[in-house]
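Just below is one structure, and these are the notes that go with it.
Nothing in this text is a laboratory measurement; each read-out follows from the coordinates by a stated rule. Worth saying up front: this structure is predicted, and the values here are computed from it rather than measured. Cβ coordinates were reconstructed from backbone atoms using ideal geometry, including for glycine residues, and neighbour counts include every protein chain displayed.
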Amino acid sequence: MIVDKHGSPLSSVDNLKPDTRHGMILYVEDVSVSFDGFKALNDLNLYIGDGELRCLIGANGAGKTTLMDVITGKTRPDKGKVSFGQQIDLLELDESEIARAGIGRKFQKPTVFEALSVFENIELSLSGDKGIWSSLFHKLSGEQQDKIDEVLQTIGLTAEQHYPAGRLSHGQKQWLEIGMLLAAEPRLLLVDEPVAGMTAQETERTAELLTSLAGKHSVVVVEHDMAFVRSIARKVTVLHQGTVLAEGSMDEIQENKDVREVYLGEEEA
Ligand SMILES: Nc1ncnc2c1ncn2[C@@H]1O[C@H](COP(=O)(O)OP(=O)(O)OP(=O)(O)O)[C@@H](O)[C@H]1O
Ligand SMILES: [Mg+2]
């Protein structure tokens, strides 16, 4: 067994970088998931480009969250292939290995440490962190301090860095959680319904934030708020009954006959 300098086992995943030479960070191919015979995902194919910001839409139950569960190792598909870059087979890794390989996930409900400051919350999430003990009792390096400052600036909470996280608004907590993900330096970020419950102003700020992440990170955003999707979307994928119904720009999606029938049509009705 290979161990690191702290004596912890060093899994090979810690040294793996996704191979994106073909321009793709994520490959999902022919993936099916069933729950008691019901197909939540049905021969799904999805490719996410390196540095891309992709929006994923679809009616309730279309399979969006299940897809994120498969990518992050929470749910195992019945069949198919899921790889991070060309070579890292995600179906062979467990949830924590997938996170360490560079895939961060933001759940809908913020899960920040309310009693700790905004700064400390981010500190705890720094990449290469060896746990709460070393984070709270060892002095930060200049590099770590710079990283936290950079994250605070990205999420717009520099002025609030010494507040206990419990005092933040709902929207600010969501940004803090995105910041905690960023501190771990993920290559791919999965964000499920980020603007649910936000004010209009917070929603707008979140659009700017997610847009600013693209390029440095690849981001997949699931959201029902169509005005929000339109404001950030480049390429949109529409899921329906566990499979991809359409893919394209927001305008293409809205013109698509199948989409109008099964999805946007429902909203108008
Ligand atoms: N653990 C589970 N056991 C049984 N059925 C499940 C499970 N998880 C999801 N499902 C079912 O799979 C289908 C897809 O669910 P999923 O949560 O992926 O949809 P979604 O697109 O995220 O919907 P929403 O927009 O409402 O969040 C639904 O019919 C759901 O009831
Ligand atoms: Mg969902």
Point to revise | For Val118, net neighbour charge (Lys/Arg +1, Asp/Glu -1) across residues whose Cβ lies under 13 Å away | key: -4
Point to revise | Other-chain or far-sequence residues with amide H under 5 Å of Ser117's (modelled H) | key: Ala165
Check your understanding: What full-extension length gain, to one decimal in nm, is calculated for Glu150 and Arg21 as 0.36 nm per residue of separation minus the Cα-Cα distance?
Key -> 43.7 nm
Check your understanding: What percent do you get for the relative contact order of the chain when only Cα pairs under 8 Å and 6+ apart count?
Key -> 24 percent
Practice item. With all distinct Cα pairs included, what does the Kirkwood hydrodynamic radius of the chain come out to in Å, to one decimal, could you say? Key: 19.5 Å
Review point. What share of all Cα pairs of the stretch 37-149, in percent, falls into each consecutive 5 Å distance bin?
Key: 2, 8, 16, 17, 17, 14, 12, 8, 4, 1, 0
Exercise for review: Exposed loop trypsin sites (Lys or Arg not before Pro) only (DSSP loop, at most 14 other Cβ atoms within 10 Å): please give the longest stretch of the chain free of them, not including the sites.
Suggested key: 140-215
Check your understanding: What's the FRET efficiency of Ala159 with Leu91 using the Cβ-Cβ distance as r and R₀ = 35 Å, to the nearest 0.05?
Key -> 0.20
Check your understanding: Can you give the translational diffusion coefficient of the stretch 90-222 in µm²/s, computed by Stokes-Einstein from the Kirkwood radius over Cα pairs at 20 °C and 1.002 mPa s?
Key -> 142 µm²/s
